[in-house]
Amino acid sequence: MTNPAPKRILVLGATSGIAEACCRLWAERGDSLFLVARNSDRLAAVAADLRTRGASYIDSAVADLDDTAIHPELLAHAINSLAGLDIAFFALGVLGDQQKAERGFAEAGQILHTNLVAPASLLTWLANYCAQRHSGTLAVLSSVAGERGRKSNYVYGSSKAGLTAFVDGLRNRIDREGVRVMTIKPGPVKTAMTQSMKGSKKFADVEKVAVTLVTAIDKGTDVVYVPGIWRVIMTVIRAIPERVFKKLNL
Ligand SMILES: NC(=O)c1ccc[n+]([C@@H]2O[C@H](COP(=O)([O-])OP(=O)(O)OC[C@H]3O[C@@H](n4cnc5c(N)ncnc54)[C@H](OP(=O)(O)O)[C@@H]3O)[C@@H](O)[C@H]2O)c1
């Protein structure tokens with residue numbers, strides 16, 4: 001991939017399979033990256049790999065992003081290290097254990113916190129930073145799972161539905177300030193998150209997904225379904241009447 005103007009990119013949840021694949025493309029075209037993840041060994045390995053691929057600058061911070069109190073200082077530090085910000089890429093997320101979440105709220109609360117509360121806190125700070133400067137792209141990985149509650153994963157799905165609404169509303173608020181806010185809705189992708197799922201071998205290839213995302217982020221597309229067929233699939237799924245839907249084993 002060629003890049004006329006190298007970008008300064010903050011990656012939140014940088015050890016995610018989807019983030020790593022995007023970072024490889026960004027590194028290869030010479031962008032600057034600030035990586036945030038909570039597993040220090042994995043983060044060091046990702047950073048070392050991206051250095052060898054040609055990133056013009058790599059810095060990183062180990063952080064548990066569930067801790068919203070650390071967000072302002074962490075984000076200010078990352079932006080200072082990058083000497084500005086062109087793109088913030090949100091890849092943190094947990095699938096969680098749906099059955100455990102049905103038995104007790106602790107698991108459900110954890111899923112909702114990591115997938116919705118923590119990103120909402122990070123987005124609030126970053127949106128204000130970008131709006132003041134009339135620049136920047138906030139690209140957020142939500143999910144097609146947020147488009148309709150299903151019995152097999154409604155806790156994860158509701159966290160993503162909330163995130164989608166938050167990101168959509170934020171775009172409505174600050175697009176006019178010159179800030180691009182992107183809602184990204186992947187269908188199932190082959191990563192660590194999905195490897196134990198039934199049929200995971202047929203899920204989308206993460207490298208192909210990354211090419212689509214990096215291109216869409218350059219354009220600042222409002223809403224991205226990836227692979228694109230999921231826009232059609234979700235239109236059909238949303239159209240199923242509830243009296244039928246509630247009897248399906250989805
Ligand atoms: N794969 C799919 O099929 C799919 C489909 C739709 C949407 N998505 C969404 O896309 C994003 C990336 O997914 P992925 O498949 O690449 O997942 P992944 O490989 O499992 O990565 C998720 C990342 O989130 C990080 N994370 C979780 N909680 C965190 C916390 N409290 N603080 C910091 N980092 C935290 C994880 O770090 P640790 O390694 O330290 O846990 C991991 O690096 C997620 O938001 C996911 O919900 C994925």
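The values are calculated or read from the model by the stated rules, or taken from the named source; none is laboratory data. Bear in mind that the values here come from a model prediction, so they are computed numbers and not experimental data. Cβ placement follows ideal geometry from the backbone for every residue including glycine, while neighbour counts extend to all protein chains displayed. Note: areas computed on protein heavy atoms with side chains; ligands, DNA, RNA excluded. Shrake-Rupley method; radii C 1.70, N 1.55, O 1.52, S 1.80 Å.
The table below lists the values:
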read-out: Test set (1) surrounded by fewer than 23 Cβ atoms within 10 Å (Cβ to Cβ); (2) under 15 Å from the mean Cα position of the chain (by Cα) - LEU35 fails condition number; value: (1)
read-out: Test: residue in segment 129-147 that is within 13 Å of the ligand (Cβ to nearest atom), polar (S, T, N, Q), crowded, with 17+ Cβ neighbours inside 10 Å and not in a strand (DSSP E or B); value: yes
read-out: From the options LYS208, LYS202, residue that is charged (D, E, K, R) and loosely packed, with under 12 Cβ neighbours inside 10 Å; value: LYS202
read-out: Cβ pairs under 6 Å, 6+ apart, first in segment 171-186 and among the acidic types (Asp, Glu), second away from the ligand (no atom under 16 Å from the Cβ); value: GLU177/ALA131; GLU177/HIS134
read-out: Residue count for segment 58-89, restricted to those that are within 13 Å of the ligand (Cβ to nearest atom) and either modelled with pLDDT under 95 or of a type in the set (Asp, Glu) (or both); value: 3
read-out: Filter result (in contact (Cβ under 8 Å) with a residue 40 or more places away in the chain and not hydrophobic (A, V, I, L, M, F, W, C)) within segment 21-41; value: ARG24, SER32
read-out: Every residue from segment 196-233 that is of a type in the set (Val, Ile, Thr), within 16 Å of LYS160 (Cβ to Cβ) and touching a helix residue (DSSP H, G or I) at 6+ places or on another chain (Cβ under 7 Å); value: VAL224, VAL226
read-out: Residues (crowded, with 22+ Cβ neighbours inside 10 Å and over 22 Å from LEU213 (Cβ atoms)) located in segment 70-117; value: ILE111
read-out: Residue satisfying all of: in segment 170-184; open to solvent by less than 20 Å² (accessible area, probe 1.4 Å) and in a strand (DSSP E or B); nearest to the ligand (Cβ to nearest atom) among these; value: ILE184
read-out: Exclusive hit being modelled with pLDDT of 95 or more, on the phi < 0 side of the Ramachandran plot and within 14 Å of the ligand (Cβ to nearest atom), set ALA55, ALA47; value: ALA47
read-out: Count - residues of segment 139-165 that are touching a residue at least 24 places away in the same chain (Cβ under 8 Å), touching a Lys or Arg at 6+ places or on another chain (Cβ under 7 Å) and aliphatic (A, V, I, L, M); value: 1
read-out: Given (1) surrounded by fewer than 20 Cβ atoms within 10 Å (Cβ to Cβ); (2) at pLDDT 95 or above; (3) within 12 Å of the ligand (Cβ to nearest atom), index of the condition MET197 fails; value: (2)
read-out: Residues being more than 10 Å from the ligand (Cβ to nearest atom) and of a type in the set (A, V, I, L, M, F, W, C) - total across segment 90-110; value: 4
read-out: Enumeration of residues in segment 81-116 that are under 30 Å from ASP59 (Cβ atoms), of a type outside the set (A, V, I, L, M, F, W, C) and touching a Gly at 6+ places or on another chain (Cβ under 7 Å); value: ASP86, GLY93, GLN110, THR114, ASN115
read-out: Filtered residue count, segment 212-229, keeping only those that are touching a residue at least 24 places away in the same chain (Cβ under 8 Å) and open to solvent by less than 60 Å² (accessible area, probe 1.4 Å); value: 11
